[in-house]
Amino acid sequence: MDARSLHDAAKKDVTASRASDARSNSFPRACRLVRGADFDAVYREGRKRTSRELAVFVRANGMAVSRFGWSIKRALGTAVRRNRIRRRLREIVRLHRGEIASGWDVVIHPRASAADADFAALTNELLKLLPRKNTAQDSKE
């Protein structure tokens, strides 16, 4: 086997490895709120939970998965700043989806201070506001 084919094989392994990692930790469309009617239902029928950095609206959806949506006001800044906030919140939800209870529709409204908040602090604050899985029940299974 020549050096070129080894180099190509190494590239394929790295690419395949990254693709499989991305699939296992992805944020699929089924876990997102995408329709305006879904957002309206959460606002109309859901409960509001607030903290210093965030306001979170939650509503039971009767499904096997929780779905998440973000609503980021233009008053929070430029598109770059708003998208950065959205990416940070999406990453928190993506990383902690296993800790969040299933069967909820969640809409997250960040406040202006969320853009400059420390990522760890923002994570703790968001996880406190979201419905969590029952750890005592999970340990029995």
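Read the figures in this text as sums done on the coordinates, not as results from a lab. These numbers were taken from a predicted model, which means no experiment stands behind them. Note: ideal-geometry Cβ built from the backbone for every residue, glycine included; neighbour counts use all protein chains shown.
Pairs are defined by a Cβ separation below 6 Å, a sequence spacing of at least 6 or placement on different chains, a first member in the stretch 80-99 that is of a type in the set (A, V, I, L, M), and a second member that is part of a loop (DSSP other than H, G, I, E, B); the pairs so defined are ILE85/ILE72. When restricted to residues that are hydrophobic (A, V, I, L, M, F, W, C), surrounded by fewer than 12 Cβ atoms within 10 Å (Cβ to Cβ) and closer than 21 Å to ARG132 by Cα, the stretch 36-91 contains 1. Scanning the stretch 50-67 for residues that are out of contact with any Phe, Trp or Tyr (no Cβ under 8 Å at 6 or more places or on another chain) and in a strand (DSSP E or B) turns up THR50, LEU54, ALA55, VAL56.
When residues in the stretch 104-129 are screened for being in contact (Cβ under 8 Å) with a residue 40 or more places away in the chain and outside any helix (DSSP H, G or I), 9 of them pass. Among the residues of this structure, ARG132 does not count as one that is surrounded by 13 or more Cβ atoms within 10 Å (Cβ to Cβ), of a type in the set (D, E, K, R) and either more than 11 Å from the chain's Cα centre (by Cα) or within 21 Å of VAL42 (Cα to Cα) (or both). In the stretch 74-96 there is at least one residue matching the filter, namely being assigned to a helix (DSSP H, G or I) and among the polar types (S, T, N, Q).
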